[in-house]
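The values are calculated or read from the model by the stated rules, or taken from the named source; none is laboratory data. Computed from a predicted model, the values in this text were never measured in an experiment. For neighbour counting, all protein chains shown are included, and Cβ atoms are generated from backbone atoms with ideal geometry for every residue, glycine included. SASA here: full protein model, heavy atoms, side chains in, ligands and nucleic acids out. Shrake-Rupley method; radii C 1.70, N 1.55, O 1.52, S 1.80 Å.
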Amino acid sequence: MKILTFFLFVIISFFSSAQVEEGNWYGVLSVMGQKSEVGISIKNRKIFVPPNEAQYNPIDSVFIENSAVKFFSSQIRLEYTGIFENDTIKGDWKQSGQSFPLYLYRREIKRPQTPIPPFAYYTEELTIENKNANLSLSGTLTLPAKDDKKYPVVVFITGSGPQNRDSEILKHKSFAVIADHLAKQGIGSFRYDDRGVGKSTGNYWESDLDDFQSDLDVIVRQLLERKEVEKLGLLGHSEGGIIAPRYASENKKNIDFVIMMAAPGIPIIEMMPMQRKLTLNASGKSDEEIEANEKVMTKVNDIVQSKSGEEKTKLLTKVMTDYAKELAMDEAQIDQFVKGQLFILDGAWYKSFIKITPGEYLKKVKSPTLVLQGGKDLQVPEKENIAGIKSSLKKHGFCGKEPAYAIFPNLNHLMQPAITGNTDEYGKIETTIDRQVLFQISEWIKELK
C-alpha cells in the first residue's frame, strides 16, 4: 500500500482546556507543493487517505495529555507530535528522516458553500468511454433546466494528483460549488472523476499529461453531440490550467472559450524552484536546507529529462540514496525514502510535467480566455506566471475578445481568502471559493457572443 509514502520533491493548531475527541481528524500534508489529504482515526487507531477508510496503516499507540497529542505507526515508521488548541491540532509529521508540519481538523468544520440537494436545476450522471485507453470516465452534467433551450457548458479539469469530480479536499468541493453557481446563472457544466478515482476506471499513477488530455478529448467530443450545448468551454485549475489551454490550442473548432485558474505561465522547470522555496520557507526550513534540496532536484531533473528505462531508475536511485545518507537516515529509512521518491520521480507523469512550457501552446490559443489568479498563491506564484501568460497570449492575435485577467490579491491557490497562502490554512477557512471568483466566471461567460 503506497498511500502514505510521501514524495519529498514534487510539485501542490492548538488547545484550550477542551479534551481531544477520539473521532476522525483530517489534514493536508504538503511536501514540496504536492498536497496529500490525511485521515487519522484516534479511536480506531488507523491512518488513511480520505474517503477510503477501509484501506489504512495501523497506529501502534496514542498519547494524549492535556494539550499534547502524540501517536506512532511502526509500519510506516511515522511519529506525529502536536498541540491541541481551538479545535485544531498543530503538529509535525516525522517520517523517513523528514519532518513536515501537519494541521489536523475535525470533519465537522463548516463548509457553507457546499450545494445541498434538492437542486433547482437539472443534473445527469454520464459515463464516457475512452476506448483507446480502455477505461470509462464518470461525471455529472449540470444544466440550468431540462428543456429545449441551449446553454453554454463548461468542462472542469482538476489539478495535479488523483481527484474526484468535485476537486474535493478537506470537504471543500470547489467544482461542485462552481457548478452550482453557474447553473443558477444560466450556465451548464460537466465535472468528472479523474481516471482511477471514484466511479472512473483506469490507473492514474501510470498516466501522464497526454493521457489526461486524451480523457478530456473523448469528453469534449461526446458533449458536442448533446443538443443542449450552445457553446463549449474549458475551466482548468492548476495543472488543469495546463491541459485546458493546451487542448484548446490543438482543437480550435471545438472549444469556444477557456478559463485558466491558478495556472502556470512559465516553464515548469523554472516554476518549481520558486514553488519549493515559497513552501519550504512557509514550513520553516532554513536557507541551507532549501539550497541543499535544490541541488538534489537539479540532478533529478537532469536525469529525468535526459535518461530513460533502467538507466534512469538506476541514476535516480543513487541520487536519492546519497541524499538520504546525507540526512543520516538508517538503512530501513533509506529504503522507504528512495521507494517513495521513485514512485513519482521515475513515473510517466513527472517526466511529462517538467517538460511543460506554457508559451508553446498559449501562443496558439484562439479562443476567448479568462485568467484567474490569487495573489497569495504559493504553488503558482502570481507575479511570474501572470507575466508569462500575458506575454504568450498576446502573441496569437485574437480576433474579437481580448484575454481577460482577474487578480485577487488576498486569495490562495484554491481561491480562498487567506492570510499567508500556506496549505495549513486550507482546512481552517470555511469559504470554499471566493464569491468574487464565482461571479467573475459567470459574468465573463455571459458576455461572450
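Odds and ends about this structure:
- Fraction of antiparallel bridges per DSSP, the chain only, in percent to nearest 5: 70 percent
- About the Cα centre, charge dipole magnitude for segment 213-258 (Lys/Arg +1, Asp/Glu -1 at Cβ), debye: 160 debye
- A straight Cα-to-Cα reach below 16 Å connects LYS43 with the aspartates and glutamates GLU21, GLU22, GLU53, ASP60, GLU65, residues fewer than 8 places away in its own chain not being considered.
- With R₀ fixed at 35 Å, the C-beta to C-beta distance from THR321 to ALA387 puts the FRET efficiency at about 0.35.
- Judged by the gyration tensor of its Cα atoms, with axes a ≥ b ≥ c, segment 181-292 is prolate; a/c meets the 1.5 cut and a/b is the larger of a/b and b/c.
- Within the full protein context, the accessible area of PHE408 is estimated at about 20 Å² for a probe radius of 1.4 Å.
- Counting heavy atoms of the protein chains alone, LEU315 has an accessible area of about 60 Å² for a 1.4 Å probe.
- Overall form of segment 56-182: prolate. Here a/c, set by the Cα gyration tensor axes a ≥ b ≥ c, is 1.5 or more, and a/b is the larger of a/b and b/c.
- Each Lys and Arg Cβ is given +1 and each Asp and Glu Cβ -1; about its Cα centre, segment 289-328 then shows a dipole of about 200 debye.
- Solvent-accessible surface (1.4 angstrom probe) belonging to GLU129, in square angstrom, nearest 10: 100 Å²
- Based on protein heavy atoms only, segment 376-449 ends up with 46 Å² per residue of surface accessible to a 1.4 Å probe.
- Given LYS70/LYS277; LYS325/LYS351; LYS173/LYS428, the pairs whose alpha carbons are separated by over 19 Å: LYS70/LYS277; LYS325/LYS351
- Peptides 185-193, 280-288 ranked from most to least packed give 185-193, 280-288, packing being the mean of other C-beta atoms within 10 angstrom over each peptide's residues.
- Heavy-atom accessible area with a 1.4 Å probe sorts ASP322, ASP424, largest first, into ASP322, ASP424.
- Taking a ≥ b ≥ c as the square roots of the eigenvalues of the alpha carbon gyration tensor, segment 162-204 is oblate, as a/c is not under 1.5 and a/b does not beat b/c.
- Dipole magnitude of the chain about its Cα centre (Cβ charges: Lys, Arg +1; Asp, Glu -1), debye to nearest 20: 1180 debye
- Heavy-atom accessible surface of the chain: percent carbon and sulfur, 1.4 Å: 48 percent
- Computing Cα extents along the principal axes in Å for the structure here picks out one of (1) 73, 49, 47; (2) 79, 50, 35; (3) 62, 51, 42, namely (3).
- Relative contact order computed over segment 291-417 (Cα-Cα under 8 Å; 6+ residues apart), in percent: 23 percent
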